[in-house]
Amino acid sequence: MISQVRNYFANRIKAEMPKAKEHTDAYNVDNIGLLKSKEAFFITYSNDANITTDGDLITDSVTVDVTLMIKGYRDVKTEFDNAMDKAHNIKRRASKISNYENGIIYVVGGSISATNPDTNDNIIIVEMSFNVTMNFAVI
């Protein structure tokens, strides 16, 4: 099932940020609260294309977008660096072939960029993108 891509990325994030809480809204990241967790993440994905169909095997291209939200505290520059290091490590964990599961056959990390919301300069938002190739059996 394609929805297993969410669990795959959540597990990679939790391996790097064990205290992070997943924001479970399907679309909206604007209503997240960081007061208790200090770190949160949000995962969205889309099935971009069917790459090939060969007999009973379908190979699909899936785009996964991950948003990390981290409180910056007083030393925002240090927390920025820490947040970028965490994001890079998540990319490395997601790309590790021995971690692939549930039909995932390839993960390529795309961009990693950090911003902050206009309303709170104490929060660091890191956005990451991934291209995932998955195999599925026909039904």
Exercise. Applying the selection to segment 61-112, what residues are outside any strand (DSSP E or B) and under 14 Å from VAL132 (Cα atoms)?
Worked result: LYS91, ARG92, ARG93, ALA94, SER95, LYS96, ILE97, ASN99, TYR100, GLU101, ASN102, GLY103
For this session: Would you be able to say whether some residue in segment 27-43 is over 10 Å from the mean Cα position of the chain (by Cα), of a type in the set (A, V, I, L, M, F, W, C), at pLDDT 95 or above and open to solvent by 50 Å² or more (accessible area, probe 1.4 Å)?
Result: no
For this session: Please find, within segment 45-81, the residue that is modelled with the lowest pLDDT out of those that are within 14 Å of GLU127 (Cα to Cα) and among the polar types (S, T, N, Q).
Result: THR67
Exercise. Taking PHE9, is it at negative phi, at pLDDT below 95 and either part of a helix (DSSP H, G or I) or of a type in the set (Phe, Trp, Tyr) (or both)?
Worked result: no
Exercise. Name the pairs: first residue in segment 95-117 and in contact (Cβ under 8 Å) with a residue 40 or more places away in the chain, second residue polar (S, T, N, Q) and open to solvent by 40 Å² or more (accessible area, probe 1.4 Å), Cβ to Cβ under 6 Å, at least 6 apart or on different chains?
Worked result: ASN102/GLN4; GLY103/ASN135; ILE105/ASN135
For this session: Please enumerate the residues belonging to segment 52-66 that are over 16 Å from PHE9 (Cα atoms) and buried (at least 16 other Cβ atoms within 10 Å of the Cβ).
Result: ILE58, THR59, ASP60
Exercise. When segment 77-127 is examined, which residues are found to be touching a helix residue (DSSP H, G or I) at 6+ places or on another chain (Cβ under 8 Å) and hydrophobic (A, V, I, L, M, F, W, C)?
Worked result: ILE90, ALA94, ILE104, VAL107, VAL108, ILE112, ALA114, ILE124, VAL126
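The values are calculated or read from the model by the stated rules, or taken from the named source; none is laboratory data. Bear in mind that the values here come from a model prediction, so they are computed numbers and not experimental data. As a convention, Cβ positions derive from the backbone with ideal geometry for all residues, glycine included, and neighbour counts pool all protein chains shown. Protein only, heavy atoms only, side chains kept; ligands, DNA and RNA dropped before computing areas. Shrake-Rupley method; radii C 1.70, N 1.55, O 1.52, S 1.80 Å.
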